[in-house]
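Novice: My questions will all concern the structure given below.
Quick note: the coordinates plus some simple rules give every number you see, no bench work behind them. Computed from a predicted model, the values in this text were never measured in an experiment.
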Amino acid sequence: MLIGWLGNQWFMDFNSFYQIELYLGGRVLDCLYFRLGIGNWALGIGHWALGMGHWAWREFQTPNS
């Protein structure tokens, strides 16, 4: 009886600990995905700016001939 109660207590503690771990792990993953999203967005903006700069450089070059 006592062993069963102790096992039950340990299982409940373990269960709550596991839920906390799952929650924290989820938060960390959310943060990582959020940062990845921001990074991809920044890369996209940078790539667009490079493309525009290249286009402008090509477009407004005046040939000397």
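Novice: Give a residue-ordered list of calculated ³J(HN,Hα) values for the stretch 25-41 (Karplus: 6.51 cos²θ - 1.76 cosθ + 1.60, θ = phi - 60°; whole Hz; x for Gly, Pro).
Specialist: Rounded to whole hertz, the list is x, x, 5, 4, 5, 4, 5, 5, 5, 4, 5, 4, x, 4, x, 5, 5.
Novice: Using each residue's phi in the stretch 48-53, evaluate 6.51 cos²θ - 1.76 cosθ + 1.60 at θ = phi - 60° and report the 3J(HN,Hα) Karplus result to the nearest Hz, with x for Gly and Pro.
Specialist: Here the 3J(HN,Hα) series is 4, 5, 4, x, 5, x Hz.
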